[in-house]
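A short write-up of the structure that comes next.
The values are calculated or read from the model by the stated rules, or taken from the named source; none is laboratory data. Note that this is a predicted model, so its numbers are computed, not measured. Just so you know, the surface numbers come from the protein's heavy atoms only, side chains and all, with ligands and any DNA or RNA stripped out. Shrake-Rupley method; radii C 1.70, N 1.55, O 1.52, S 1.80 Å.
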Amino acid sequence: MLLRRYQEHLSTQNWTAIFLDFFIVVAGLYLGLQLDGWNEERKEATREREYLEQLQADFTKNVEVLQWLGENHEAMSKNLMHAIGVIKAGEIEPGEEEKFKWAILTMRQVPPMSLHMAGYRALVAAGDFSLLSDRELRSLLVSIESEIEFDQNAYWRNMGDSLGFTFDVMLDISRTVPHPSGRGVAFELDFAAIRDYPGTLAVLANARRTHSQITEARYQLRDMFLEAGKRIDISLGSAQMAGAVPP
């Protein structure tokens with residue numbers, strides 16, 4: 001109908017009407033494109049907000065996990081420092097046997113770093129990483145992923161052998177005895193054998209240093225997640241505004 005009217009105006013050379021018809025067509029196309037753009041931006045803002053909320057939930061849990069791991073390795077490092085002092089003194093005070101035994105028996109324990117990264121994995125797998133409008137947040141997420149990958153690979157291959165006595169030495173310095181409860185067995189350490197073993201101080205020092213380094217690494221990664229959480233809070237506010245009101 002509009003085209004027919006335009007042809008009529010053209011045949012009568014009604015230039016004012018022709019201009020108005022042309023303006024109406026152009027304005028309609030422009031508004032249509034603008035509305036499509038606004039709708040697409042709203043959809044992207046909604047998807048970004050969903051990803052950010054998932055990241056926020058995951059990273060809050062990760063901060064708690066890394067805080068616990070850091071505190072755990074920090075305590076193990078302190079226990080080993082106490083054990084080193086006992087070995088240097090050459091004697092163990094009454095009542096400190098259990099603390100010393102605990103330091104020796106747990107020096108190899110490295111709790112797994114089980115982090116929540118489902119939101120990040122989904123973001124990357126869907127090819128939506130560019131949806132995150134905060135460039136600094138994207139860079140920080142890449143750094144976090146690299147830190148986790150490094151920790152799970154080269155870090156432990158290089159340091160795993162320095163965490164304690166060999167199996168043969170453990171057989172020489174310890175034995176199992178019936179548990180006082182009558183159920184199972186308990187470990188008993190030969191303090192004199194540990195004290196006289198030439199490599200004891202080096203083993204304990206290496207294990208303490210390892211746990212100290214792990215403590216630092218856990219707290220460093222925790223701080224990265226905390227910083228990412230702050231960036232996510234800012235981005236969530238921006239995404240919510242973008243999804244509610246067209247620019």
Check: Around S174, which amide H atoms from residues at least 5 apart in sequence, or from another chain, sit under 5 Å from its own amide H, with H modelled in the peptide plane?
Finding: D190
Next item on the list: Calculate one ³J(HN,Hα) per residue across the range 167-175 by plugging θ = phi - 60° into the Karplus curve 6.51 cos²θ - 1.76 cosθ + 1.60, and present them in order as whole Hz with x for glycine and proline.
Entry: 4, 4, 5, 4, 5, 6, 9, 9, 8
Next item on the list: Read phi for every residue in the range 134-151 and hand back ³J(HN,Hα) as whole Hz from Karplus 6.51 cos²θ - 1.76 cosθ + 1.60, θ = phi - 60°, with x for Gly and Pro.
Entry: 7, 5, 5, 5, 4, 5, 5, 5, 5, 5, 4, 4, 5, 5, 5, 5, 4, 4
Item checked: Partners for K230 among aspartates and glutamates (Cα-Cα distance below 17 Å; same-chain residues under 8 apart left out) -> E48, E50, E53, D58, E64, D134, E136
Notebook entry, point to check: Counting only protein heavy atoms and using a 1.4 Å probe, what share of the accessible area of the range 78-190 belongs to carbon plus sulfur, as a whole percent?
Noted result: 53
Checklist line | In order through the range 212-224: 3J(HN,Hα) via Karplus (6.51 cos²θ - 1.76 cosθ + 1.60), integer Hz, x for Gly, Pro | finding: 5, 5, 5, 4, 4, 5, 5, 5, 5, 5, 4, 5, 5
Margin query: Given the whole protein assembly as supplied and a 1.4 Å probe, what does the accessible area of K78 come to in Å², nearest 10?
Written below: 130
